[in-house]
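Okay, structure first, notes after.
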Amino acid sequence: MSHVVSPLRHVLIEGNKSYHNITEDLCSPTEKAPTREWYIAFLLSTAFFGLYIFTIVWTVWKGIGVWGANRTINWAWDITNFVWWIGIGHAGTLISAILLLFRQRWRTGVNRAAEAMTIFAVVCAGQFPIFHMGRVWLAFFIFPFPNTRGPLWANFNSPLLWDVFAISTYFSVSLLFWYTGLVPDLATVRDRATGFRKKMYEYASFGWTGSAKHWQRWESLSLILAGLSTPLVLSVHTIVSFDFATSVIPGWHTTIFPPYFVAGAIFSGFAMVLTLMLITRKVLKLEEYITLNHIESMNKVIVLTGTIVGVAYLTELFIAWYSGYIYEQFAFYNRVFGVYWWSYFGMMFCNVVSPQLFWSRKIRRSIWWTFFLSIVVNIGMWFERFVIIATTLARDYLPSSWSYYSPTWVEIGIFTGTMGLFFFLYLIFTRVAPVVAVAEVKSILKVAGSQYIGPNAKHGHGHDHHDSKSVPTHRTEEEA
Amino acid sequence: MAAASTSTKVFYGLYNDEEDLKDAVRSAKAQHLEIMDVYTPFPVHGLDPIVGLQESRLHYLGFIYGATGALFGFLSMSWIFTRDWPTMFGGKPFWAVPSFIPITFEMTVLFAAWGMTLTFYTICGLWPGVKAKVLDNRITDDKFCVAFDVTGSSESDLDKLQGFFKSTHASEVSTKTI
């Protein structure tokens with residue numbers, strides 16, 4: 001046997017799968033007619049997507065005065081939602097890049113869908129700053145290009161411009177990484193398809209054949225893209241946190257923001273991956289590929305990052321007190337006990353207290369607990385961004401300009417609408433491409449399949465199947 | 001597509017397991033048979049040295065692309081803010097190097113990733129609209145294929161290959177012109 005695997009390793013592919021079974025199981029959802037559940041989910045998300053289009057058109061037509069944001073709280077739901085969506089995207093890159101570098105085999109079950117989630121989440125995130133610009137038809141001014149306005153360039157010292165570069169680089173690199181990983185699997189779908197579908201997949205799979213040299217380059221490319229994406233993903237949320245940290249607003253001007261934002265991003269992203277995967281594995285019947293071991297591994301990441309976030313919250317409070325600076329102290333007193341106290345306690349409960357339940361193995365391996373807590377964590381992470389943005393601005397320098405913010409129906413419509421957009425894209429993705437990386441799952445079969453490791457492994461497996469099939473059958477086929 | 005000069009007559013065998021494939025490639029090398037290509041449904045580890053593939057040099061290019069991006073980003077910002085249109089922001093120097101770092105980094109990643117990916121598709125000849133030269137539809141499913149170019153080969157060469165496939169336990173052998 002060429003593969004030596006520790007008996008302590010988890011089984012990652014259950015049900016005695018052969019390579020052909022894997023192809024069959026993972027490609028068949030793209031070949032069958034959608035189920036009734038899919039249609040219902042699709043109609044619902046299309047309805048919300050419609051709401052998104054309506055509220056955005058309303059915003060552009062009337063101006064951003066239709067939002068609840070005001071002169072004191074000029075960043076409100078929009079930037080909260082932007083940071084929230086970007087954070088969600090980070091888990092996809094973490095799973096596909098960082099876990100690849102760490103050689104974590106369980107990533108193969110979830111990486112494809114998580115990467116897709118990254119791309120769709122970044123699409124949703126991008127909507128908010130773009131439409132917050134107000135005159136969206138001038139949005140291209142953010143790009144530095146020779147122009148007739150001077151030439152007046154963008155401000156390269158501004159974290160907001162760094163964000164433009166970070167987010168657009170992140171989006172395009174994630175797209176390349178995702179699609180390059182998808183090409184061999186699209187070729188598998190192509191070789192099973194007929195007629196128009198075959199033509200479509202022929203185009204999408206770029207003429208992939210599975211040649212050894214191509215695989216070698218493909219692996220080399222994947223590894224380097226992973227190496228590039230790892231610092232990239234850390235830089236993206238670091239730069240997002242610079243939007244706040246480089247300002248001089250008490251409560252924002254803190255050096256803890258970059259690591260705290262990155263940990264929070266991974267935390268919320270894993271929660272979203274879990275929410276999506278728990279539904280996907282059930283609806284597409286992928287329980288043998290996205291196993292309880294996968295869910296448990298992700299829950300461990302949740303408890304780790306949730307605890308990091310909790311430590312960051314407490315550190316922030318401690319440093320504010322320890323600084324001896326009354327304005328800093330007020331900013332944090334206000335954050336906890338001010339007008340938005342409910343969002344602070346909501347955040348503390350959802351992000352710090354609730355994930356601690358995952359110390360229990362039983363809860364970590366329970367589908368229902370995981371599903372419930374993944375949603376709680378996402379709500380908590382939304383609160384965190386709201387706490388940082390709205391409570392800080394609501395009580396800034398001049399008491400005469402202190403204010404309160406609550407969203408209008410337009411903002412609520414845009415936010416729920418981006419969820420519609422997200423699920424709209426995700427549901428289409430589940431129909432056109434295998435949601436689990438077919439080739440990558442095959443490559444770990446012999447080290448993670450239930451017939452090779454774990455309690456049900458059949459020992460002594462090797463080359464014993466030679467004898468029966470040693471006579472080649474000759475068939476000739478000439479094609480021009 | 002089917003220009004006479006580009007069509008190749010291929011004699012190939014399919015194996016059911018990657019270990020069988022590796023054994024077959026080893027034995028082909030031992031018999032000095034010239035393999036045209038090996039096709040697998042997933043990246044088979046340990047296959048490259050047996051086939052005799054050299055390590056991919058894609059990562060050297062990645063470094064060059066990344067360095068280009070870094071220089072391009074940093075030098076553009078430097079030129080814009082010191083030569084083309086110096087602008088004062090909050091009393092900072094015109095050439096504010098620390099605040100150029102984030103964009104320089106992003107440009108490094110952007111150039112390296114796009115450069116390498118486009119190079120990968122170009123050198124592999126993979127592009128939308130390219131028709132895959134598929135020998136067997138099951139190669140992207142569960143079959144492992146060793147292919148020989150037999151354009152203009154003699155009957156004795158074919159017999160030799162037939163013997164090779166038989167001795168290495170190929171589950172099927174076939175000929176196809178691609």
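Values quoted throughout were computed directly from the atomic coordinates according to the rules given, and no laboratory measurement underlies them. Since the model is a prediction, treat every value here as computed from it, not as a measurement. Don't worry about glycine lacking a Cβ; one is built from the backbone with ideal geometry, like all the others, and counts go over all protein chains shown.
Assorted remarks:
- In order through the range A:194-202: 3J(HN,Hα) via Karplus (6.51 cos²θ - 1.76 cosθ + 1.60), integer Hz, x for Gly, Pro: 9, x, 5, 4, 4, 4, 4, 6, 4
- The Cα center of the range B:88-136 and the Cα center of the range A:246-305 differ in position by 27 Å.
- Fewest-first sequence of A:His90, B:His169 by Cβ atoms within 10 Å of each Cβ: B:His169, A:His90
- With the biggest extent put first, the Cα atoms of chain B measure 82, 36, 27 Å across the principal axes.
- From phi via Karplus (6.51, -1.76, 1.60), per-residue ³J(HN,Hα) for the range A:279-285 in Hz, x at Gly/Pro: 6, 4, 5, 6, 5, 8, 6
- Along each principal axis, taking the top coordinate minus the bottom one, the Cα set of the protein assembly as shown gives 97, 62, 45 Å in descending order.
- Taking every DSSP beta bridge that has both ends in the protein assembly as shown, the antiparallel portion is near 75%.
- Long-range HN-HN contacts of B:Thr177 with modeled amide H, under 5 Å: A:Glu479, B:Val10
- Backbone geometry of the range B:71-88 corresponds, through the Karplus equation with coefficients 6.51, -1.76 and 1.60 at θ = phi - 60°, to 3J(HN,Hα) couplings of 5, 4, x, 5, 5, 4, 4, 5, 5, 4, 8, 10, 10, 6, 7, x, 10, 8 Hz, x marking Gly and Pro.
- Tilt relative to chain A, helix A:367-386 - C-alpha long axis, 0 to 90 degrees, to 10: 30
- Rounded to the nearest 10 degrees, the angle from helix A:326-337 to the longest Cα principal axis of chain A is 60 degrees.
- Other protein chain C-beta atoms within 10 Å of residue C-beta, averaged over B:75-88: 2.
- Estimated from helical segments only, the mean residue ellipticity of chain A at 222 nm is -21500 deg cm²/dmol, where each DSSP H run of four or more residues counts as -39500 (n - 2.57).
- The long axis of helix B:155-167 is offset from the longest Cα principal axis of chain B by roughly 80 degrees.
- Taken residue by residue and averaged, Cβ atoms of other chains lying within 10 Å of the Cβ of B:31-41 number 4.
- Within the listed set B:Ile50, B:Ile123, B:Ile35, the Gaussian network model of chain B (springs between alpha-carbon atoms below 10 Å) gives the highest mean-square fluctuation for B:Ile123.
- Helix-only mean residue ellipticity at 222 nm for chain B, each DSSP H run of n ≥ 4 adding -39500 (n - 2.57), per residue, nearest 500: -14000 deg cm²/dmol
- Protection proxy ranking, highest mean first, for peptides A:399-408, B:55-64: B:55-64, A:399-408, where packing is the per-residue count of other beta-carbon atoms within 10 Å, averaged.
- Sorted fewest first by neighbouring Cβ atoms within 10 angstrom, B:Tyr39, A:Tyr325 come out as A:Tyr325, B:Tyr39.
- Paramagnetic reach from A:Ile279 (point 7 Å along Cα→Cβ, amide N under 15 Å) across the range A:416-438: A:416-431
- Diffusion coefficient, µm² s⁻¹, Stokes-Einstein with Kirkwood Rh over alpha-carbon pairs of the range B:58-124 at 25 °C and 0.890 mPa s: 190
- Where Rh is the Kirkwood radius over Cα pairs, Rg/Rh for the range B:73-178: 1.42
- For the range B:51-178: relative contact order, % (alpha-carbon pairs under 8 angstrom, 6 or more apart): 27
- Over the Cα atoms of the range B:1-56, the radius of gyration divided by the Kirkwood radius equals 1.02; this is the Rg/Rh ratio.
- Alpha carbon convex hull of the range A:157-292, projected area averaged over orientations, nm²: 11.8
- Shielding by partners, peptide A:159-170 (average Cβ within 10 angstrom, other chains): 4
- Taking the number of Cβ atoms within 10 Å of each Cβ as an exposure proxy, the fewest-first ranking of A:Val248, B:Val146 is A:Val248, B:Val146.
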